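Structure first, then comments.
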């Protein structure tokens, strides 16, 4: 695996990336030395498989360090202590978590618990005076999302959301090309986000914990992707749901939803969210003068893509490594990423998802005011 | 350019194609010799640019021969006589066209006039006792389409519609693979059909002649493609229209429409029809076990595609050459193509397009009963 520093060395020759990594690039365009001693110390809450992926990726971070863990399973805490060298004093069970406020060695709590628990967990971390990174979806609806934003504001902590694609070099290069006018007026985005979900007993298929189905988990990539690829906010949404397996996908757990977004500039997005189809992770953006496509567009492995200018070639670095290092910059120095990753940004996705669910029920166009 | 015979020689080794070209393949799977002396003699009505393309392609046909022309422009008739060796006695002006009924040397009239004129021209050809091939869209709405079907039935002539993709080898191979279960249960089709239309004064942007906008001209490829790729008929449709240039695309002339089709088996299709975007001619079909994609999917040049089994490799032959040779088989010997190309088949597209326009207006899901 490339280290972050090695990655930066590799890409520093490429002026194309310069606009994409604000944390590491000074205004003059020179590669900055990492600020000495500036590191965010992260505790992860919820030690499932994605948490392990984040923990592993964080080993390559320059500015983020995994120092704590929160879990309901004592054995998992022991395993993480051994695996990642986490001191026992930085490990918490959910029922003693509030005492984290007295721990000066943890700056941030990264909440990676089931969707419906994000709200209480973020509120808890905020009231303990810790910054929060929350996995996406930030919450199961916009109302909860707003409460979380308000609570973090009140507690004077920052709230970021785990939108790792906002730090992915090929994605950032497409945004740069679009902003540079390479594609002309952008008029169409097609997003296809789906996979076949396995174990029917997992929390992701339990409405109480997931808040929904494929849309909450994988469809959100196309929701968010439509916005960062087009670079505008949608003003309306329509949506159509189909369900082929009502036993596996119970009431309130969406299997497949087509949704369409309209934008003030005339662009439209047409997207698929599904838990029943393999190998769907494609973004396509079309403008009057050019295009961009990513396939895979959001998977953990190397992103592949090309635009009307040609293939996109950047070395692969684990997205979570980039994300945590960049988030360190945001938390420590108020750096501005190319695409915002804060609660307000995440709230827009939740408002769109709320509207998608409303549109499925109403069968009508639902307007949005983001 | 490959001749038809040369093409068949080239592909005869490929068992994969055998199911795809019923005209040339006997029930035993052997390549048949073309029936001696069996040729349909075609007169083309409407001598625009697509008519020239058809005329050129027909030069390579084994079973179809261009022998006549109908035009409102005497100079065009002269040009065609010279270029294609058409005898003057087989040339007609619109106002003397009815006398074609007394011409025993013309079997079929191929109507390639503006959309809104298809109905009167097909009725006229049918009442002259000639078989009719009508360019797509067959008519500007289903009501007219039904009248045309009825008129041809009454006149005991056959009515075919110029769906050239139904004879295109890569398309047929995908249909074969789907029917063979290679993709498993098919759940998703994405069609993107569009181009930037030029001259704002052309008939295609005049509602009186075109009957609509991009949907009638290019969107119909995704309408039809959704059906032959998925292999079912849709049961509902939703649609959303956007217009960025109301001066160029006047009332009733659609610029961009997203539409979605639902199928009884649970499949959904998500399609784009547009007159404002370059380079959009993509079909993608996804099933539980495999996929197929075509890009370009319907253009005149070589179709490119691959499926979960690999690249599709068949030599390019002008689609219109294949179409006319196969249509000769349908007209002369009642051969059944893989996908029907008769009036009833075309009527289904018109019913869907009617429903798309209704859905744009109602903003609701419109049910279909095809």
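Counting Cβ atoms of other protein chains within 10 Å of each Cβ in B:274-281 and taking the mean gives 5. Note on chain B: GNM, Cα springs under 10 Å; of B:137, B:87, B:114, the largest mean-square fluctuation is that of B:87. Given the options B:302, B:169, B:246, state which has the largest fluctuation in a GNM of chain B using a 10 Å cut-off (strictly under) for Cα springs. Evaluated over chain B, the most mobile residue of the options is B:246. Here is how far apart the residue A:315 label points are across copies: 4.8 nm, shortest first, using a point 7 Å from Cα toward Cβ. Pair-distance distribution of the protein assembly as shown: all C-alpha pairs, bin width 20 Å, starting at 0; shares per bin in whole percent are 16, 43, 27, 12, 2, 0. Each label was represented as a point 7 Å from its Cα along the Cα-to-Cβ direction; for residue B:89 and residue A:88 these points are 10.9 nm apart.
The label point for residue B:235 and the one for residue A:153, both projected 7 Å from the Cα toward the Cβ, are 4.7 nm apart.
Peptide A:191-197 is shielded by partner chain Cβ atoms: per residue, an average of 1 of them sit within 10 Å of its Cβ.
Grab the DSSP H runs of chain B that are 4 residues or longer, score each as -39,500 (n - 2.57), total them, divide by all residues and round the 222 nm result to the nearest 500 deg cm²/dmol.
Details: 11 runs with 120 residues, N = 370.
Taken over chain B, the calculation gives -10000 deg cm²/dmol.
Shortest first, residue A:156 label-point distances to identical copies amount to 9.6 nm, with the label point at 7 Å from Cα along Cα→Cβ. The stretch B:293-370 and the stretch A:286-354 have Cα centres separated by 38 Å. Distances from residue B:203 to the same position in the other copies: list them in nm, one decimal, shortest first, using label points 7 Å from Cα along Cα→Cβ. Those separations, rounded to one decimal, come out as 6.4 nm.
How many Cβ atoms of partner chains, on average, are near each residue of A:257-269 if near means within 10 Å of its Cβ? Intermediate values should be presented prior to the final figure.
Values: counts 1, 10, 2, 9, 2, 4, 1, 0, 2, 7, 3, 8, 1.
Going residue by residue through A:257-269 and averaging, the value is 4.
Decide, for chain B, between rounded, prolate and oblate: order the square roots of the alpha carbon gyration tensor eigenvalues as a ≥ b ≥ c, take rounded if a/c falls under 1.5, and otherwise choose prolate if a/b is larger than b/c, else oblate. It comes out oblate by the Cα gyration axes. Largest GNM mean-square fluctuation among B:331, B:350, B:322, using chain B with Cα springs under 10 Å: B:331.
Taking every Cα-Cα distance in the stretch B:330-370 and sorting them into 5 Å bins from zero, the calculated P(r) comes out as 6, 20, 21, 15, 11, 10, 8, 5, 3, 0 percent. One equal scatterer on each Cα of the stretch A:154-251, no solvent, Debye formula: the resulting log10 I(q)/I(0) at q = 0.12, 0.13, 0.18, 0.24 Å⁻¹ is -0.57, -0.66, -1.01, -1.30.
Closest approach of any chain A Cβ to the axis that rotates A onto B belongs to A:270, 3, distance given in whole Å.
Using the Cβ-Cβ distance between residue A:53 and residue A:179 with R0 set to 45 Å, the FRET efficiency works out to roughly 0.90. For chain B, the relative contact order works out to 20 percent when only alpha carbon pairs closer than 8 Å and six or more residues apart are counted.
None of the figures in this text is laboratory data; all of them are computed from the coordinates on show. Bear in mind that the values here come from a model prediction, so they are computed numbers and not experimental data. Every residue, glycine among them, receives a Cβ derived from its backbone with ideal geometry; neighbour counts consider all protein chains shown.
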